[in-house]
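Presented below is the structure to which this report refers.
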Amino acid sequence: MNAVLTITAKEIRQAVRNRWVLAATLLLAALALSLTFLGSAPSGSNVGARPLDVIIVSLSSLTIFLVPLIALLISHDAIVGDMERGTMLLLLSYPVARWQVLVGKFCGHLAVLAFATCFGYGAAVAALLATGSEMDREGLAAFIAMIGSSVLLGAVFIAIGYWVSALVRDRGTAAGVCIGLWLLLVLVYDMALLGLLVLDRGQNMSGSVLNTLLLLNPTDIYRLLNLTGFANVSAFSGMAGLAGSATLSVRILVAALALWTLIPLIAASLSFSRREL
């Protein structure tokens, strides 16, 4: 445990030194504030949407694109990069197991991403409070759930980045594979799924098949998880119809995201343990 905590602290210090924490926090805060002041037009009594609800939907859409990309950028060279620089050989010369190195790095990178997400998105709530907008307990609970699920989504892609980093032989290849996976999971998969639903027209694809297809993509799990948290504005989301056709509970969705994190992390540990330095 001491070795894991030491490596975690090292990764956090390195992220601070490389200004990853500052860059990610400022980026998320700037986008959250932009959505707060520019994206709150469809709110009020006429449309039945509260400002915080609209911000949650907007930030959820932003998270699907941005948080996975940040997670992959900070994790794609976690193993192969240290091997190229020779620091991994030095680290493993100490009495520390490879799984401890992996877990320590994961906890450090996840802490960095969680800090950036909480403070960056928290700026949106601070801005609403500064403008005198009213917030109820339900809206704040949905906002907190959105932040928690955003961190969990980031954990998924950090684990995926580790798996790629443990398999490839150079940093350039790791970066290319991670960008390809980001495009596949964030853009291509949903376009293909929506095209398949249009072609099927509800004739052959059952609800169980749709549920399975949604569970195969962590970004769709994240999207559905946040739609279930605030039914008041679910119609503002482009995936509202798809979410209504799915029959997945919040517990199943959270468990699926946790499983999406665990499986790549275990696979990365196994690949790392068999890899020669």
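With respect to S273, is the statement that it is assigned to a helix (DSSP H, G or I), modelled with pLDDT of 90 or more and open to solvent by 60 Å² or more (accessible area, probe 1.4 Å) true? Criteria met by S273. Name the single residue that is farthest from W260 (Cα to Cα) among those in segment 206-218 being open to solvent by less than 60 Å² (accessible area, probe 1.4 Å) and out of contact with any Ser or Thr (no Cβ under 9 Å at 6 or more places or on another chain). In this case the residue turns out to be S206.
Could you check segment 165-175 and list, in sequence order, the residues that are open to solvent by 10 Å² or more (accessible area, probe 1.4 Å) and within 19 Å of the chain's Cα centre (by Cα)? The one that is open to solvent by 10 Å² or more (accessible area, probe 1.4 Å) and within 19 Å of the chain's Cα centre (by Cα): A175. Of everything in segment 13-30 that is assigned to a helix (DSSP H, G or I) and open to solvent by 60 Å² or more (accessible area, probe 1.4 Å), the residue that is modelled with the lowest pLDDT is W20. Being open to solvent by 60 Å² or more (accessible area, probe 1.4 Å) and either of a type in the set (D, E) or under 23 Å from S58 (Cα atoms) (or both) is a property that L184 has.
For segment 46-56, the set of residues classified as of a type in the set (A, V, I, L, M) and either surrounded by fewer than 20 Cβ atoms within 10 Å (Cβ to Cβ) or closer than 23 Å to L110 by Cα (or both) consists of V47, A49, I56, listed by residue number. The helices (runs of 4 or more DSSP H) found entirely in segment 140-224 that carry 1 or more residues being aliphatic (A, V, I, L, M) and at pLDDT below 90 are 189-200, 207-215.
The values are calculated or read from the model by the stated rules, or taken from the named source; none is laboratory data. Since this is a predicted model, take the numbers as computed values, not measurements. Positions of Cβ are backbone-derived with ideal geometry, glycine not excepted, and every protein chain shown enters the neighbour counts. Note: accessible area is taken over every heavy atom of the protein model, side chains too, but ligands, DNA and RNA are not part of it. Shrake-Rupley method; radii C 1.70, N 1.55, O 1.52, S 1.80 Å.
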